[in-house]
Structure formats: structure tokens, C-alpha cells
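Remarks on the structure that follows.
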Amino acid sequence: MGTDELKQVIKEYIINEFLPGEQPESVTDDLPLISGGILDSIATLKLVLFIENRFGIVLEAHEADRENMDTLNQIAATVESKIK
Amino acid sequence: MGTQRPLQQAFMEAAERFSGRVAVIDPGYTDITYRQLAELSGRLRDRLYALGVEPRDRVGLYMRKSTDAVAAIYGILRAGATYVPVDPGAPPARNAYIMHNCDVKAVLVEARMADKFQVELQGLGALPHLIVLDDVGGGLALTTWLDNAEAAHPTSHGVDRIADRDDLAYILYTSGSTGRPKGVMLSHENAVSFVDWCSEVFEPTPEDTFSSHAPFHFDLSILDLHVSLKHGASLVLITEDLGKDPVRLVKLIAEYGISIWYSAPSILSLLAQFGNLGSYQFPALRHVLFAGEVFPVKHLRMLCSLWPKPRYFNLYGPTETNVCTFYEVATPIPEERTVPYPIGKVCSHLNGKVVDEIGQTVEMGVEGELCIAGQGVMQGYWSLPEQTAKSFLAGSEEMRWYKTGDIVVEEPDGNYLYRGRRDRMVKRRGYRVELGEIEVGLYKHPQVKEVAVVAVPDEESGLKVVAHLSCKTESTPSLIEMKRFCSEHLPLYMIPDRFAWQPALPKTSTDKIDYQRLKELS
């Protein structure tokens, strides 16, 4: 799966689950999802579980935090480093 | 009663007795022993003297949870000063307001927050000394700062200042209905009487390992910090990110052999549901304490069945009194039980009574407001004499009865049952939230014309916060924009779960916003 496709999958999940009715283009690749208050702690947890199940990876302690999962770009980079 | 002692004294005694034992575990860093913690806090005390900190001065703490922060707390107390911890994740403007409000003499602040914070402070005309720490964790940042300060300006070793019992040990800021946080002032006597009560009920030993899940600006941390370090036990610091992740938390509880756990129920609910508790062993775990909000019985039952061994305690109390009632939950919890557990009986260092609207004690079985008196009751709100006066029962001179604002009913067995709030305060993830403070934050948005925030019951999370808004412009701001705006003007735990835009908010016959109608709409 390419990076764009991967971001698309995660973006769709975020919009369906947490931002119903929002325009897909407003969820940009560098939108701060956690520090910007868009995903609260439970939403972040659900997102991590979704990513782990969808991509068959396990996210470690330091990978699932604000520093590594704040934006779609960061999430994609973290996930890709795991898949490879 | 042994409440003539200042809060840090029990730790200082433990540091003598248990000098080589581990005091604080800051995962990812080297553990710190009692002797080292005493040394580090003593060095900070001397630096605070050098900065001119006097008895009863306030010193702020604006950093993530770390050994550095623990050492700072004891350094401040040993200097005879009052510590004022704030939420490192809150907007710098809010924290600057707090520091300015209680006129701190100095603030220990992390470098990553320091610039914005300083700008906000200057805007308020506040000029505290800033002790700027790089990369806190394990006590390293504080050590480095002290090394540099001592090299530049050597100072002699001082001695601890012994505070009076009525001197403030710490000030904790909570949500205020006017949109301004208010500072709850707790004295050494308040804190020590609570810590001593914990010793009596939970019987900690040097073999215990305590969790530190709550942040330091939250009153649950008083038990974690000052009870563990009184008894020669170890304290495991759990940072904010780790504290929200059930899978990692469960691993940590097992790995460090935590024996006394204390947190808000929300994270325990997540542990039960998502934590894979069955994959680990927890032979050390002996007490599970929870406080801050109602624990949904469904989730508590699940937790007790996965963790059958420990004793479970429901602790209740506002920041103004710290824990004032407690109830031990008998396990296992029967399948048919659905009603939440009582908040229990009044702690031995306090007195309680239930009063009606005119302050008369009601009969057993009748609903009323719970009032608390005794050694644990706060001194008041910082520089808010009117609010302080209003928070106590009028006309009782001998005893100061704090009105909790919580409606309870006493059952025949003497346990109190929690029924709800008298005002617009709600509990969210253990935090107190005044819905009015969220409204004040939302009114700052240029497009917001009217706003009313309501809380409605929610099966999953217990409570859902819904903001009803009307707009000055034709097109309304997007959900993303509103959430981002909130993250800049409110602490994250105050961001509403839902934003509902209306052409205009419903009004009552007297032209006030109809909150009742809005609750129905939510």
C-alpha cells in the first residue's frame, strides 16, 4: 500500500468515527489531531486499535503518543516504518 | 493529633530511615533513592533562598510529571514556601493567569513552554523568577540547572524552614464558573491530617509500590506523593501519555509490581475493557482506590472479576477537603447490581452533615447538601474572600462547614449515597469542569453569537458535554476549527464532545437561555 492510500484509509476512519459530516479536504496531512484537540484520549486509543488491526502491526509505547501520532503525516511514517 | 508537623517532615524522616531505598521510579530513567531525593530537594531549597524566596511565598510548577517535579515539590516545601502546580498541557495564557493570580515568586518551567509562557506573563505585568529546565525526567534537568547555578553563584547549605500549621502547603487551581480558575488553598494541617488518615486506613509499608497516575495539579496526587514517601515506599510516576493507554499501563502495573493503585475510574474502566488484564500476573496488587467521579458498575464488576485479589475503595471528596468519605466495595460484585456504590462514611479526621436549603440538618433518608468540617477543610480560595465566605455554611461560628455542592442522602447503615450536583459543575475524566468556564472560552470565538453548554448522561463515558451555539455569520465554523480553537483557549479535558449549531438558542419566557430545553435537544 502506498503512502497516499494509507493516509486515505486512516483519514476515512477518522472522519467516519470522530468527525462526521466534515469535508475530507479539511483533514489535511499536517492537521494537529491530538494537540489540536480533535482527538481526545479515547478517540486516540480507538485510532491506535484500528491501525493495529487494519495493518497487522503493534504500536509501542513511544510510538503511540503526541510526538509520533499528531498528524496524518506522522501516523503514516510511523505505520510505514512498522510494515517494512 | 500529630498535625503540628509540616507536610514534608514525614518524607524527611523516611529519608533518614530508608535512605538507600528507591523513592521514585521515573520509567525510562534511573531510579532515585530517598537520600538522593532529599539531597536534590535540599539543593533546590538553597537556590530558592538565594533567589529571595521567603516563608509563605508561592512557587509555581509548570512541567510534566517527573522526578524533577517531585524534587521541586519537596524543595519548595522545605523552603517554607507553597507549591502551585499547573497543568503542563493547558494553554500558556491560563497558566500565566494562575501564576500571576497567586503572585508566585518563582516558577520552575520546562524550556519547551518557557517562551510562550514568558510572553503571557509579561502581558500581565508579572515578573517571577523563571527556573527554566531542559528535558525534564529522572531529575537530570533539575540537577543540571542546579550545577550551573551553583557554579555561577555558590551558596552555602541552608536548613529547612518549618512552616506553621496554617501556612499553605499548596494551592490547586480548579475550574471556576466565571471562566477564571480559582485557587484552593490547603494548609500543612489540611494535608497532614489527610495523609495521616490514609496511613490509618491503607496501612502502607516500605514494601509497597504506589502508582502516581493523577497529574500533580490534581488532588489525587497528594495521596500518591505524600503517603508513599512518608512510609518508605516507592512511587512509580506515570506520565500523561502513558496514563491514557490501557495496554501499556497494564504492562507497567505488572512489571513494577504496583501494590497500591489510585486513579479516577475512567482509566480503570479502560483497563478492564482494553487492557488484556488476563495476560499478566499481579501478585503485589493489594489496594485499588478510585475517586473523582462515579464508577459505572458494569465496568467496575468487570475489573473486579479480572483482578479478584485487591481490596477496592471508593474515595469521595472535592479538592476543598480532599477525600472526605470512603466506602469499601465488597467483591465479587453480583450480576444483578446496577446502581452505583455509595460514597460511604465520613473519614475519621472530619465531620459531616447533610443540610437543606436553609442550612438545617435533615433527617436520615432525606436528600440534602453534604457539608464537611474538620482538619482537612481548605483555608479558602486565593484572594476570593466573597466566594470563600459563600462556600461555608453561614451562622456556625465554632465549626467551619464547607458546603460541597453535592446532593447526598444518608442510608440506614450510615453510608451516604451521591445523588447529583447543586450547580453547573460536572466531573470529566476525574476533572472538575464548570460548564460556565467552557462557555466563556467559546464566547472568545469571533463568530460565536450565543453559547450554552450542557452535560447529558452517556452510557459509554458516563457524561457527554454538548455545546449549543448560534452564529454571527451565515456559514458556521467547521468542527475541526471549533476543536482547534478550543484547544487554544481551554484545557483539553474541557473541549465539548459535540458542537450543535442552532439558528438561535431557545429562550424561556423571561428571555433567558432555556437550558432545560437544550438538555432535551442534546
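The values are calculated or read from the model by the stated rules, or taken from the named source; none is laboratory data. Model, not experiment: these values are computed from the prediction. With ideal geometry, Cβ positions are generated from the backbone for all residues, glycine too; neighbour counts draw on all protein chains shown. Ligands, DNA and RNA are stripped out before the accessible areas are found, and what is left, the full protein with its side chains, is counted by its heavy atoms. Shrake-Rupley method; radii C 1.70, N 1.55, O 1.52, S 1.80 Å.
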Residue pairs meeting the criteria (Cβ under 7 Å; at least 6 apart or on separate chains; first closer than 10 Å to B:GLY80 by Cβ, in the stretch B:148-167; second assigned to a loop (DSSP other than H, G, I, E, B)): B:ARG161/B:PRO55; B:ARG161/B:ALA79; B:ARG161/B:GLY80; B:ILE162/B:PRO6; B:ALA163/B:PRO6; B:ALA163/B:PRO55; B:ALA163/B:GLY80; B:ASP167/B:ARG56
Meets criteria (within 14 Å of another protein chain (Cβ to nearest Cβ), surrounded by 15 or more Cβ atoms within 10 Å (Cβ to Cβ), at pLDDT 90 or above and assigned to a loop (DSSP other than H, G, I, E, B)) for A:LEU47: no
Residue identified as in contact (Cβ under 8 Å) with a residue 60 or more places away in the chain, open to solvent by less than 80 Å² (accessible area, probe 1.4 Å) and more than 10 Å from chain B (Cβ to nearest Cβ) among A:THR3, A:THR78: A:THR3
Residue satisfying all of: in the stretch B:164-194; aliphatic (A, V, I, L, M) and open to solvent by 10 Å² or more (accessible area, probe 1.4 Å); farthest from B:GLN8 (Cα to Cα) among these: B:MET185
Qualifying residue in the stretch A:7-23 (condition: at pLDDT below 85, crowded, with 19+ Cβ neighbours inside 10 Å and facing another protein chain (nearest Cβ under 10 Å)): no
Flag if B:LEU252 is in the same structural domain as B:ILE73 (by TED's automatic domain parsing), touching a strand residue (DSSP E or B) at 6+ places or on another chain (Cβ under 9 Å) and among the hydrophobic types (A, V, I, L, M, F, W, C): no
Filtered residues of the stretch B:301-325 (kept if over 18 Å from B:PHE194 (Cα atoms) and either open to solvent by 40 Å² or more (accessible area, probe 1.4 Å) or out of contact with any Ser or Thr (no Cβ under 8 Å at 6 or more places or on another chain) (or both)): B:ARG301, B:MET302, B:SER305, B:LEU306, B:TRP307, B:PRO308, B:LYS309, B:PRO310, B:ARG311
Test: A:VAL58 is aliphatic (A, V, I, L, M), more than 12 Å from the chain's Cα centre (by Cα) and either more than 20 Å from B:PRO91 (Cβ to Cβ) or part of a loop (DSSP other than H, G, I, E, B) (or both): yes
Members of the stretch B:439-480 found to be touching a helix residue (DSSP H, G or I) at 6+ places or on another chain (Cβ under 8 Å) and free of Cβ contacts under 8 Å to residues at least 12 places away in the same chain, listed by number: B:SER478, B:ILE480
Verdict on B:ARG5 being open to solvent by 10 Å² or more (accessible area, probe 1.4 Å) and modelled with pLDDT of 95 or more: no
Selection count where residues are β-branched (Val, Ile, Thr), within 16 Å of B:PRO491 (Cα to Cα) and in contact with a helix residue (DSSP H, G or I) (Cβ under 7 Å, 6 or more places away or on another chain), scope the stretch B:80-133: 1
Failed item, numbered, when B:GLY420 is tested on (1) surrounded by fewer than 15 Cβ atoms within 10 Å (Cβ to Cβ); (2) assigned to a helix (DSSP H, G or I); (3) in contact with an Asp or Glu (Cβ under 8 Å, 6 or more places away or on another chain): (2)
Pick from the stretch A:60-75, criterion among the hydrophobic types (A, V, I, L, M, F, W, C) and within 9 Å of another protein chain (Cβ to nearest Cβ), ranking: surrounded by the fewest Cβ atoms within 10 Å (Cβ to Cβ): A:ALA61
Hits in the stretch B:144-174 (condition: hydroxyl-bearing (Ser, Thr, Tyr) and touching a Lys or Arg at 6+ places or on another chain (Cβ under 8 Å)): B:THR155, B:TYR173, B:THR174
Residue list for the stretch B:8-32, filter: within 18 Å of B:SER212 (Cα to Cα) and either touching a strand residue (DSSP E or B) at 6+ places or on another chain (Cβ under 6 Å) or open to solvent by less than 10 Å² (accessible area, probe 1.4 Å) (or both): B:GLN8, B:PHE11, B:VAL22, B:ALA23, B:VAL24, B:ILE25, B:ASP26, B:ASP31, B:ILE32
Count of residues meeting criterion [surrounded by fewer than 16 Cβ atoms within 10 Å (Cβ to Cβ) and assigned to a strand (DSSP E or B)] in the stretch B:463-483: 0
Some residue of the stretch B:484-506 being loosely packed, with under 14 Cβ neighbours inside 10 Å, free of Cβ contacts under 8 Å to residues at least 24 places away in the same chain, of a type outside the set (A, V, I, L, M, F, W, C) and assigned to a loop (DSSP other than H, G, I, E, B): no
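Being within 11 Å of chain B (Cβ to nearest Cβ) and touching a Cys at 6+ places or on another chain (Cβ under 8 Å) is the requirement here; does A:GLY37 meet it? Steps first, answer last, please.
Working: within 11 Å of chain B (Cβ to nearest Cβ): yes; touching a Cys at 6+ places or on another chain (Cβ under 8 Å): yes.
When the stated conditions are applied, A:GLY37 passes them.
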Within the stretch B:427-454, considering residues that are open to solvent by less than 20 Å² (accessible area, probe 1.4 Å) and part of a strand (DSSP E or B), the one nearest to B:GLY176 (Cα to Cα): B:GLU434
